[in-house]
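Encoded as C-alpha cells, the structure appears first; notes follow it.
Just so it is clear, none of the values below were taken in a lab; they were calculated from the coordinates. Computed from a prediction, not measured in an experiment: that's the story for all the values here. Using ideal geometry, Cβ is built from the backbone for each residue, glycine included, and neighbour counts are taken over all protein chains shown.
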C-alpha cells in the first residue's frame, strides 16, 4: 500500500488529519506544502516537506497525496494544487468516512466525503470535491469537479452541479435542475431553477403570514 502524504498546513488540513488518524487505515507518513507557506518543520506531528522537493523524499510510485485544502477562491486553489500534484505524477487520494452510504456511485479522484452522508444509486461524482457531513445526494445526480457541498445540504434526483460551485449549509437543489459553474448557493437557500454561471442564490428572509385560515393553504 502506498504511503499517504497530506497536502496543507491550515485549518482544513488539521481537521482532515484528525479524521485520517482515527478513521483510515492508511499510513499517514508526512505533510507537504509549498515552501512559501511552510512556517514550521512539522505539522500535526508529521514532517512538513516542501512540495517543491516532495518527490525526492516520497516518489509517486511510493506515495499518494490527499488534499487538505479548503474552498478558497471558489475551489480554484484546490484545483490548482490538484493539477500540480498530477503534473508531478502523483495519484490524488480519496477519503470517505466509514459511515458514508455510497450506493455504487461513480467516483473520480481526490474526493473527500465526511460522515453520515447518503449517496443514492446512479450518482456520478467527478474529482476534487469536498462533501461535508449529513448530506443527501439523491439518485441520478451528476456532480462535476472541485465543488464544496456543505453540511446538511440536499440534492434531489437528477440534479446536476457542474464545477467550482459552493452549495451552502442546509440548502436544497431541486430535482432535475442544473447548477452551472462557479455558482454559490447560500446557506438554507433553495435552488429552484437552472442557474447561469457565476451566480449567487441567497435564502429568502422569513415572511410571517397573517390573517390566513387553514383553507388558504389547501
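General remarks:
- By the count of neighbouring beta-carbon atoms within 10 Å, fewest first, 183, 195, 178 end up ordered 178, 195, 183.
- With contributions of -39500 (n - 2.57) from each DSSP H run of at least four residues, the per-residue ellipticity at 222 nm computed over the chain stands at -4000 deg cm²/dmol.
- The chain - Rg over Rh from alpha carbon coordinates, Kirkwood radius: 1.05
- Restricting attention to segment 3-93, close to 15% of DSSP beta bridges with both partner residues there are antiparallel.
- Once the Cα atoms are used to define both axes, helix 11-23 deviates from the longest principal axis of the chain by about 80 degrees.
- Tensor-based shape of segment 3-93 (alpha-carbon gyration tensor, a/c under 1.5 rounded, otherwise prolate or oblate): rounded
- Of all DSSP beta bridges confined to the chain, the antiparallel ones make up roughly 5%.
- Average 1/r across all pairs of distinct alpha carbons in segment 94-198, invert it, and you get the Kirkwood radius: 12.9 Å.
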